[in-house]
Amino acid sequence: MTTQFITYLTATTLFLSSCSHAIDMPSPPLAQTQLTSCTHYETTLTQAFQTQDLKTLGDLLPTLKRNSDCSGDYLTDLQRQMSDLAATYARHFLNQGQPEEAKKWLTFRYAPVNVWQTQMVRGDLAWQGKQWEDAALFYNQALDLLNDPKAVLTPPSLAEKQRVYQLAAETQLLTGRLITMRDNCSATGVLQNVTGLQIVERPLPIQFKFGTTELTADGQAAAEKLACYLTKHRPRQVTLIGHTDRVNSDELNCDFSKRRALALQAYLMQHGNPSYQIRTLGKGKRQPMKLVDPSHYTQDQIDQINRRVEFAMDKEVSGENVCE
């Protein structure tokens with residue numbers, strides 16, 4: 001019964017995700033019958049999914065969790081389905097300009113587990129609210145979940161993946177810190193390979209003291225995490241590419257970007273004990289980051305995003321805009 005039911009839910013969810021008119025449908029009341037087995041809940045669950053009735057599903061889930069006849073795998077799949085549907089609700093209200101209503105559907109009651117879709121919408125909510133650190137965390141979590149097939153119930157398009165990756169990079173640069181999910185050596189979505197994306201140059205929030213090549217405390221912490229990450233993944237070659245903001249001349253910025261890339265190289269050599277070769281390049285202000293929506297940021301924030309160091313592992317970096 002379980003396999004057939006979950007297959008049915010997948011098809012139902014995909015169908016319902018295109019039926020926006022169902023968002024405002026009233027929720028039917030729960031049956032009052034005392035049920036003793038997951039099998040007995042099949043009709044109620046099927047009806048709830050057919051009507052996109054997350055309120056009923058949210059009411060029913062605690063009962064199912066207490067029912068010893070409901071297997072762990074069954075409940076896990078059910079919670080993923082609920083979370084995916086909750087994200088569809090949240091996305092609908094976010095697109096309607098109702099962020100508070102969107103947040104309601106992402107609470108544990110309706111979205112009991114994290115899937116790609118929930119974290120992507122949470123990231124968009126935080127990004128719209130200009131909560132950069134929260135946005136960076138949620139976007140990175142979404143990218144990590146892309147590598148888990150069980151967490152991707154509604155497969156995103158390539159454009160969606162690229163958008164989330166770019167926003168993860170932008171918001172992480174605005175936080176000024178390299179966000180990791182667990183320990184310092186763990187990859188974030190921005191660092192690791194993301195299914196379906198070809199990424200060469202990965203941006204890092206390496207901060208320097210104003211007008212110098214000396215790392216700030218946050219810059220040192222980010223450089224330490226990078227050193228640990230590279231030691232763990234053991235590339236043959238790493239390329240560091242320095243970038244600057246728009247201020248000052250091309251000549252000054254070219255020199256500055258190269259020297260900052262060299263400063264990061266020196267840090268990695270001293271603290272990472274690398275077995276890989278390190279190559280450094282500068283691009284000055286010649287290659288500002290292509291932002292998802294520049295109008296969402298102030299000019300100072302755009303400048304901060306552009307003051308970055310990018311790295312590439314075992315990849316040929318484009319020679320376009322490289323300073324001589």
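Bear in mind that the values in this text are calculations on the coordinates, not laboratory data. This is a predicted model, so every value here is computed, not measured. FYI the Cβ positions are ideal-geometry reconstructions off the backbone, even for glycines, and counts take in every protein chain you see.
Which of Ala221, Ala90, Ala169 moves the most in a Gaussian network model of the chain with Cα springs under 10 Å? Per the Cα network of the chain with a 10 Å cutoff, Ala221 tops the list. The residues Thr118, Thr56, Thr76, when put in order of fewest to most other Cβ atoms within 10 Å, stand as Thr76, Thr56, Thr118. When +1 charges are put on Lys and Arg Cβ atoms and -1 charges on Asp and Glu Cβ atoms, the dipole computed for the chain relative to its Cα centre reaches about 580 debye.
The simple spin-label model puts a point 7 Å past each Cα toward its Cβ; for Val292 and Ser157 those points are separated by 1.5 nm. Under a no-solvent Debye model with one identical scatterer per Cα of the stretch 221-308, what's log10 I(q)/I(0) at q = 0.22, 0.23 Å⁻¹? Scattering profile of the stretch 221-308, log10 relative to I(0): -1.01, -1.05.
Once Lys and Arg get +1 and Asp and Glu get -1 on their Cβ, which of Thr63, Met313, Trp132 lies farthest toward the positive end of the dipole of the chain? Highest projection toward the positive end goes to Met313. Ordered by the count of other Cβ atoms within 10 Å of each Cβ, fewest first, Ser318, Ser157 give Ser157, Ser318.
Across the chain, the mean sequence separation of Cα contacts (distance under 8 Å, 6 or more residues apart), normalised by length, yields a relative contact order of 12 percent. Helix 158-175 and the longest principal axis of the Cα set of the chain meet at an angle near 60°. Within the stretch 200-313, DSSP assigns beta bridges of which about 60% are antiparallel (rounded to the nearest 5). When a/c reaches 1.5 or more, the comparison of a/b and b/c decides; with that in mind, is the stretch 78-176 rounded, prolate or oblate per its Cα gyration tensor? Taking the square roots of the gyration eigenvalues as a ≥ b ≥ c, the stretch 78-176 is oblate. For the residue pairs Lys209/Lys258; Lys104/Lys150; Lys258/Lys283; Lys103/Lys290, alpha carbon separations beyond 18 Å are given by Lys104/Lys150; Lys103/Lys290. Round to the nearest 10 and give me the degree value, 0 to 90, for the angle of helix 54-66's Cα axis relative to the longest principal axis of the chain. Rounded to the nearest ten degrees, it is 80. Within the chain, the longest run free of trypsin sites (Lys or Arg not before Pro) that sit in a DSSP loop with at most 14 other Cβ atoms within 10 Å is 1-129. The value obtained for the chain, namely the Cα convex hull volume divided by the number of residues, is 143 Å³ per residue. Taking Val152, Val247, Val164 in turn, the Gaussian network model of the chain (Cα-Cα springs below 10 Å) assigns the largest fluctuation to Val247.
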